[in-house]
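Visitor: Questions regarding the structure given below will be posed in turn.
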Amino acid sequence: MPCILLTGATGYIGSHTWLALQDAGFDVIGVDSLVNSSIRVLDRLETIGGRQPVFVQGDVRDQAVMDRCFELGQARFGGIKAVVHFAALKAVGESVERPLDYFENNLGGLLAVCQAMKRHGVFNLVFSSSATVYGKPERLPITEDAPLRVTNPYGQTKLLGEEMLRELERCDARWHVAYLRYFNPVGAHHSGLIGEDPRGVPNNLMPYVAQVAIGKRQHLNVFGNDYNTPDGTGVRDYIHVCDLAEGHVAALRYLADKGQSLTVNLGTGQGYSVVELAQAYGKAADREIPLVFAPRRPGDVDACYADPRHAFETMGWKASRGLEQMCIDSWRWQSTNPNGFEG
Ligand code: NAD
Ligand code: WQD
């Protein structure tokens with residue numbers, strides 16, 4: 001079976017995609033600097049998948065690290081056929097404080113990955129983009145042809161990354177790229193052995209709610225209850241991370257079979273409010289999630305959810321897991337690993 005190189009492989013989405021690829025019969029090599037993930041993920045992947053992960057620890061911006069990945073792919077699996085590029089820094093607030101670090105890591109990383117791919121004659125790439133490229137949407141649900149605009153340096157690295165890759169494709173027809181615009185990935189693998197393990201105070205809603213449920217935080221601060229939504233709190237398109245992982249399998253098959261690029265939203269098409277999510281989580285964890293209404297968070301939009309039809313029409317992929325499953329699986333991970341991968 002074809003071998004796929006995953007950058008950012010021990011991260012939240014990378015680790016779930018690793019398993020989805022193995023389940024679909026692919027061989028996988030992972031590379032990660034561990035700047036935002038734990039080496040212990042590898043033991044968990046072995047326990048779940050029954051195979052020892054082939055992993056290179058290092059920064060994708062280091063040419064020697066990338067060459068080692070491709071050489072390992074050649075020696076172990078007869079060559080890498082495509083790359084899924086997850087490796088990036090992803091905290092919106094931090095990107096405003098340290099924009100140059102974000103440009104250097106996310107854009108420098110993408111450039112280095114493409115250069116390594118070219119050196120080794122590999123031209124199929126899956127790029128982790130984000131719904132953040134749509135900024136404040138004019139129309140809902142959001143289709144892929146919606147205007148693109150960003151409001152922070154993190155978002156800018158995704159938009160510029162897309163633009164750089166589109167220019168590369170225009171100049172050299174060998175390149176084919178799947179631009180996957182993720183909405184809000186949540187949940188965890190059903191085994192409860194891997195999941196999202198944020199460092200410090202979680203920025204995102206579900207990991208924060210999970211920490212309230214486990215008793216690490218007293219209440220959820222609901223950022224704004226005067227939005228133009230049915231209950232006044234922000235509405236988002238939460239997608240189970242295992243559905244998202246399967247979207248990468250579909251994208252890799254599309255690149256291999258069709259030999260052309262594609263841009264797709266990976267979302268469910270269904271929006272839920274902050275209060276709805278907190279209530280669903282409370283039900284899954286069988287406890288109350290205390291809410292405290294707080295001011296709006298700068299930069300947030302009222303509502304953001306995908307039109308996911310293009311992903312189904314092109315790659316035959318659609319999300320199958322609902323909000324209840326997302327909460328149950330997140331809670332299984334959180335309650336059995338209260339301190340994440342650190343024991
Ligand atoms: P994550 O932080 O859990 O995973 C990213 C991984 O990349 C980490 O393990 C980190 O150690 C690694 N990394 C970062 N820079 C690196 C470098 N220079 N060299 C090698 N490894 C490096 O994040 P995630 O949630 O799994 O996100 C994966 C991708 O999806 C990112 O590109 C992110 O921007 C994108 N994305 C995430 C979300 C989300 O809400 N989680 C939404 C949209 C897009
Ligand atoms: C969801 C809702 C908050 C925390 C972010 C990035 C985006 C993408 C996904 C990478 C909003 C509310 C949150 C809390 C709250 N990442 N909230 N209390 O902002 O939709 O998207 O992650 O590409 O780029 O911006 O997700 O989970 O942070 O927030 O009330 O403690 O929950 O206001 O309405 P967001 P989120």
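We did not get these values from a lab; they are worked out from the coordinates using the rules stated. On a predicted model such as this, the values are computed, not experimentally measured, just so you know. With ideal geometry, Cβ positions are generated from the backbone for all residues, glycine too; neighbour counts draw on all protein chains shown.
Visitor: For the range 109-123, what does the Karplus curve 6.51 cos²θ - 1.76 cosθ + 1.60, with θ = phi - 60°, yield as ³J(HN,Hα) per residue in whole Hz, taken in order and with x for Gly and Pro?
Guide: Taking θ as phi minus 60°, the curve returns x, 4, 4, 5, 5, 5, 4, 5, 4, 5, 4, 9, x, 10, 10 Hz for the range 109-123.
Visitor: Straight distance only, please: which aspartates and glutamates reach the Cα of LYS81 with their own Cα at less than 20 Å, same-chain residues fewer than 8 apart left out?
Guide: Reachable aspartates and glutamates: ASP23, ASP27, ASP32, ASP67, GLU71, GLU169, ASP172, GLU246, ASP257.
Visitor: Would you mind counting up the charge near THR132? Only other residues with Cβ under 12 Å from its Cβ, with Lys and Arg at +1 and Asp and Glu at -1.
Guide: Combined, the nearby Lys, Arg, Asp and Glu give +4.
Visitor: Can you give the FRET efficiency to the nearest 0.05 for ALA64 and THR336, using r as the Cβ-Cβ distance and R₀ = 41 Å?
Guide: Using R0 = 41 Å, I get an efficiency of 0.60.
Visitor: Spelling out what I want: for every residue of the range 291-305, take phi, set θ = phi - 60°, compute 6.51 cos²θ - 1.76 cosθ + 1.60 (Karplus), and round to whole Hz; glycine and proline get x.
Guide: 10, 10, 6, 10, x, 4, 8, x, x, 6, 10, 4, 9, 8, 8
Visitor: Under the Kirkwood approximation for Rh and a Cα-based Rg, what ratio Rg/Rh is obtained for the range 115-227?
Guide: Details: Rg = 18.4 Å, Rh = 17.3 Å.
Across the range 115-227, the Cα-based Rg/Rh ratio is 1.06.
Visitor: Compute the relative contact order of the chain as a whole-number percentage, counting only Cα pairs closer than 8 Å that sit 6 or more residues apart in sequence.
Guide: Values: 684 pairs, mean separation 64.4, N = 343.
RCO, the chain: 19 percent.
Visitor: Further question: Label ARG149 and GLU104 with points 7 Å out from Cα along Cα→Cβ: what is the distance between them in nm?
Guide: 3.1 nm
Visitor: Another question about this same structure. Can you tell me the order of 237-250, 194-207 when each peptide is scored by its average per-residue count of other Cβ atoms within 10 angstrom, highest first?
Guide: 237-250, 194-207
Visitor: Check cross-link reach from LYS318 to the lysines: straight Cα distance under 22 Å, and skip same-chain residues fewer than eight apart.
Guide: Filter leaves LYS258.
Visitor: When DSSP beta bridges are limited to those with both residues in the chain, what percentage is antiparallel, rounded to the nearest 5?
Guide: In the chain, DSSP labels about 5 percent of beta bridges as antiparallel.
Visitor: Per-residue ellipticity at 222 nm for the chain, helices alone: DSSP H runs ≥ 4 residues times -39500 (n - 2.57), over residue total, nearest 500 deg cm²/dmol? Could the numbers behind the result be given before it?
Guide: On the way: 12 runs with 137 residues, N = 343.
Mean residue ellipticity, 222 nm, calculated: -12000 deg cm²/dmol.
Visitor: Follow-up question, since we're still on this one. If you fit an axis through the alpha-carbon atoms of helix 274-285 and take the longest principal axis of the Cα set of the chain, what angle between them do you get, 0 to 90°, nearest 10?
Guide: Roughly 90 degrees, rounded to the nearest 10.
Visitor: Between ARG287 and GLN115, what's the calculated FRET efficiency when r is the beta-carbon distance and R0 is 45 Å? Round to 0.05. Write down the numbers at each step before the final one.
Guide: Details: r = 50 Å, r/R0 = 1.11.
About 0.35, to the nearest 0.05.
Visitor: Something else now. Cβ under 15 Å from ASN339's Cβ, ASN339 left aside: what net charge do those residues give with Lys, Arg +1 and Asp, Glu -1?
Guide: +2
Visitor: Between 0 and 90 degrees, rounded to the nearest ten: what's the tilt of helix 63-77 against the longest Cα principal axis of the chain?
Guide: Result, in degrees: 80.
Visitor: Taking only Cα atoms, what is the 0 to 90° angle, nearest 10, from helix 323-336's long axis to the longest principal axis of the chain?
Guide: 80 degrees
Visitor: Quick check: residue separation of CYS171 and GLN260 times 0.36 nm, minus the Cα distance between them. What number comes out in nm? Can you show the working numbers first?
Guide: Working: separation 89, 0.36 × 89 = 32.04 nm, distance 1.46 nm.
Gain in length upon complete extension: 30.6 nm.
Visitor: Nearest 0.05, what FRET efficiency do GLN74 and ILE39 give at R0 = 25 Å with Cβ-Cβ as r?
Guide: Details: r = 25 Å, r/R0 = 0.98.
My answer for the efficiency is 0.55.
Visitor: Another question, then. Compute the signed sum of charges (Lys and Arg +1, Asp and Glu -1) over the other residues within less than 15 Å, Cβ to Cβ, of VAL54.
Guide: -1
Visitor: If amide H atoms are built 1.01 Å from N in the plane of the peptide, which residues on other chains or at least 5 residues away come under 5 Å of the amide H of SER128?
Guide: Here the answer is HIS85, since their amide H atoms fall under 5 Å of that of SER128.
Visitor: Once amide H atoms are placed 1.01 Å from N in the peptide plane, what residues at a sequence separation of 5 or more from VAL222, or on another chain, have their amide H within under 5 Å of its amide H?
Guide: For VAL222, whose amide H was placed from the backbone, the distant partners under 5 Å are VAL292, PHE293, ALA294.
Visitor: Kindly provide the trypsin sites (Lys or Arg not before Pro) of the range 6-52 that DSSP labels as loop, not H, G, I, E or B, and whose Cβ sees at most 12 other Cβ atoms within 10 Å.
Guide: ARG51
Visitor: Once you put a point 7 Å from the Cα of ARG139 and another 7 Å from the Cα of GLN218, both along the Cβ direction, what distance in nm separates them?
Guide: Taking the simple label geometry, ARG139 and GLN218 are separated by 4.7 nm.
Visitor: For the chain, go through all pairs of different Cα atoms, get the mean of 1/r, take its inverse, and jot down that Kirkwood value in Å.
Guide: Evaluated over the chain, this radius sits at 20.3 Å.
Visitor: Per residue of the range 231-244, what does 6.51 cos²θ - 1.76 cosθ + 1.60 with θ = phi - 60° give for ³J(HN,Hα)? Whole Hz please, x for Gly and Pro, Karplus curve as stated.
Guide: Couplings: 10, x, 9, x, 10, 9, 9, 7, 10, 5, 4, 6, 5, 4 Hz.
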